[in-house]
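Enquirer: Before I ask anything, let me first share the structure, which is written out below as structure tokens.
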Amino acid sequence: MLRSLAAHKEATGGENLFDDLVARELAGERVVLEAEHWVAFVPYAAHWPYEVHLYPRRRVPDLLGLDEEARAEFPGCIWNS
């Protein structure tokens, strides 16, 4: 994962891989859920037929970095995906 992040950064001049991934998925057809603070999608070349990725719309270092609104919305996204 770290190699992929570094390669993407070098290829794009410093863009964040995860920001680019979420933006690309929002423009596509694999989105399962769009909420105020979260987006869920089936990834390209998913490993399993039921695989769904859930990303916060705002980049944070970890779940503790989420604000109160995003933390409150999180359980609803899991049950509705």
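Enquirer: Set Lys and Arg Cβ to +1 and Asp and Glu Cβ to -1, take the dipole of the chain about its Cα centre, and tell me which of Cys77, Gly28, Leu66 lies farthest positive.
Expert: The listed residue farthest towards the positive side: Gly28.
Enquirer: Can you work out the PRE-style zone for Val32? Point 7 Å along Cα to Cβ, and I want the residues of the range 44-81 with backbone N under 17 Å.
Expert: Under 17 Å, as judged by backbone N against the label point of Val32, lie 44-57, 74-81 of the range 44-81.
Enquirer: Also: Provide the per residue accessible area, probe 1.4 Å, for the range 15-81, rounded to a whole number of square angstrom.
Expert: 71 Å²
Enquirer: Assuming a ≥ b ≥ c are the square roots of the Cα gyration tensor eigenvalues, decide whether the chain counts as rounded (a/c under 1.5), prolate (otherwise, with a/b larger than b/c) or oblate. It would help to have the intermediate numbers written out before the result.
Expert: Values: a/c = 1.99, a/b = 1.28, b/c = 1.55.
Since a/c reaches 1.5 but b/c is at least a/b, the shape of the chain is classed as oblate.
Enquirer: Whole-Hz ³J(HN,Hα) for each residue in the range 13-21, computed from phi via Karplus 6.51 cos²θ - 1.76 cosθ + 1.60 with θ = phi - 60°, x for glycine and proline: what do you get?
Expert: Ordered by residue, 3J(HN,Hα) equals x, x, 5, 8, 4, 5, 4, 5, 4 Hz.
Enquirer: If you don't mind, another one. Provide the per-residue ³J(HN,Hα) series for the range 64-70, in order, calculated from phi with Karplus coefficients 6.51, -1.76, 1.60 and θ = phi - 60°, each as a whole number of Hz, with x at glycine and proline positions.
Expert: 3J(HN,Hα) across the range 64-70, in whole Hz: 5, x, 5, 7, 4, 5, 5.
Enquirer: If I take every Cα pair under 8 Å that is 6 or more residues apart in the chain, average their sequence separation and divide by the length, what percent do I get for the relative contact order?
Expert: 22 percent
The values are calculated or read from the model by the stated rules, or taken from the named source; none is laboratory data. Owing to the predicted nature of the structure, the values given are computational and were not obtained by experimental measurement. Because the Cβ atoms are built from the backbone with ideal geometry, glycine has one as well, and the counts that use them run over all protein chains shown. For accessibility, only protein heavy atoms count, side chains too; no ligands or nucleic acids. Shrake-Rupley method; radii C 1.70, N 1.55, O 1.52, S 1.80 Å.
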